[in-house]
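Contents: one structure, followed by commentary.
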Amino acid sequence: MNNFDNTLNLKILTFDIFGTLLNLKDSLIPYLENNLQKSNKNTNFEIVWDAWRDRQRIEQYQDNILMLGHSGYMKTCERALLYTLDKHKIIYNNEQIENIMSGWYFLKPFDDVIENLPLLQKKFKLVILSNGEQNFLEHLAKNQLKFEFDHIISVELAGQFKPSPAVYRKASQILNENPLNISMVASHSFDVIGAKACGFKSSYIDRYDLPLEHLNYKIDIHVEDFIQFTDFILYGKIPNITNNNKKINIE
C-alpha cells in the first residue's frame, strides 16, 4: 500500500500554535531568569519551566472537568505559574509576575516553521486551532509568526480547552469540511489523539521526544520536525527517523 497516496484526501491542516509553531521554552525561560534569579539563586529555571508547562495543562483540564468554560488561556497560564512558583518555594512579587507573563506576547517561532509554512500553503488550507484567545492568536500570527493563515480558530468558540471533543467538532463545523479531510498538526500527543478521536487525521511533530499516551488511537504521521513533515506530506519523502519508535503511517 502506498501510504503517501492517502495524503491526497487532506485539504486542511489545523495547527497547534503553543509549542508546535512557537518556541515557548526558549522564549520564556529568559523571562523567568531575568525576573526571579536575583532573589532565587541556584534555581534551575529549566526545571521550573517544565513544571509550569505541565501545570498549565492541569489548569485547563480543571476548567473542562469543572465545566467552567474557557476561562482564558493567559489566565490559566498565570494560575499555573503561581502554583509552580509556590511549589518550588520561589520568592516573587506582583510586578515580577506581570513581567514574566508579558513574555507570552513575544514568543519566537521555530525556524523550521517559518521555512515550511509557505510551502504547505501551496497545497493545503492552513488553520490555527488553539487554546488561546482569538485576539491573542491574531497578534501572534501577525507579529510573531508574520504569516497569514487561511483561518484562525480559538477554542473560545467551543467554550472548552483541548482535547475536548467540542473543540474539534466546532472547528470542522466552522471550516465546513469532513473531519477525514483535516489533519491536526501538533507537538502534543493529547492534541492529535483528541482530534483523531473526533475523526481527524493526526500529525504528531514530536519535537520533545516524548512517549505517546497508551490509548487505542494510532497516530497517522509521526515525525521529528516540520522539515520531515513537509517533505513527507508534499513530496512523499520518507524521513530518516533517529528514534526507532517514531514512524510515518497514513491510513
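Each reported figure results from applying straightforward, stated rules to the coordinates on display, with no laboratory input. Treat the numbers as computed from the prediction; the structure is a model and nothing was measured. Neighbour counts are summed over all protein chains in view; Cβ atoms, including those assigned to glycine, are modelled from backbone coordinates with ideal geometry.
Could you work out the local net charge near S164, counting Lys and Arg as +1, Asp and Glu as -1, over the other residues with Cβ closer than 10 Å to its Cβ? Spell out each step's value before the answer.
Details: positive: K162, R169, K170; negative: D63.
Around S164, the charge tally is +2.
Take the eigenvalues of the Cα gyration tensor for segment 96-251, scale each by 5, and report the square roots as semi-axes in whole Å, largest first. Working from the Cα gyration tensor, I get semi-axes of 24, 19, 17 Å. For segment 100-145, the convex hull spanned by the alpha carbon atoms encloses 84 Å³ per residue. Measuring nothing but how far apart in sequence close Cα pairs (under 8 Å, 6+ apart) lie, relative to its length, the chain scores a relative contact order of 23 percent. By the helix-only formula, in which each DSSP H run with n ≥ 4 contributes -39500 (n - 2.57) and the sum is divided by residues, the chain has a 222 nm mean residue ellipticity of -12500 deg cm²/dmol. Summing charges over all other residues whose Cβ lies under 9 Å from the Cβ of E177, with Lys and Arg as +1 and Asp and Glu as -1, gives +2.
One chain, two ends: Y235 and I47. Fully extended at 0.36 nm per residue, the span grows by 63.8 nm beyond their Cα-Cα distance. Would you please give the FRET efficiency between L157 and S102, computed as 1/(1 + (r/R0)^6) with r the Cβ-Cβ distance and R0 = 35 Å, to the nearest 0.05? Taking R0 as 35 Å, the efficiency between L157 and S102 is 0.85.
Any chance you could run the full-extension gain for K38 through K87? It's 0.36 nm times the residue separation minus the Cα-Cα distance, nm to one decimal. The partial results should precede the final answer.
On the way: separation 49, 0.36 × 49 = 17.64 nm, distance 1.86 nm.
Length gained between K38 and K87: 15.8 nm.
Scaled to the compact-protein estimate 2.2 N^0.38 Å, what is the alpha-carbon radius of gyration of segment 24-106, rounded to two decimal places? Present the calculation step by step, with values, prior to reporting the outcome.
Working: Rg = 12.7 Å, N = 83, 2.2 N^0.38 = 11.8 Å.
Against the compact-globule rule of thumb, the ratio is 1.07.
Coupling constants for segment 158-163 follow from the phi torsions by the Karplus curve (6.51 cos²θ - 1.76 cosθ + 1.60, θ = phi - 60°), and in residue order they are 8, x, 9, 8, 4, x Hz; glycine and proline get x. Residue ranges 51-63, 122-134, 205-217 sort as 122-134, 51-63, 205-217 when ordered by packing (mean number of other C-beta atoms within 10 Å per residue, highest first).
Ignoring lysines fewer than eight residues from K89 along the same chain, the ones with Cα atoms less than 25 angstrom from its Cα are K25, K38, K41, K75. For the peptides 135-144, 38-47, residues were scored by their other Cβ atoms within 10 Å and the scores averaged per peptide; the highest-first order is 135-144, 38-47.
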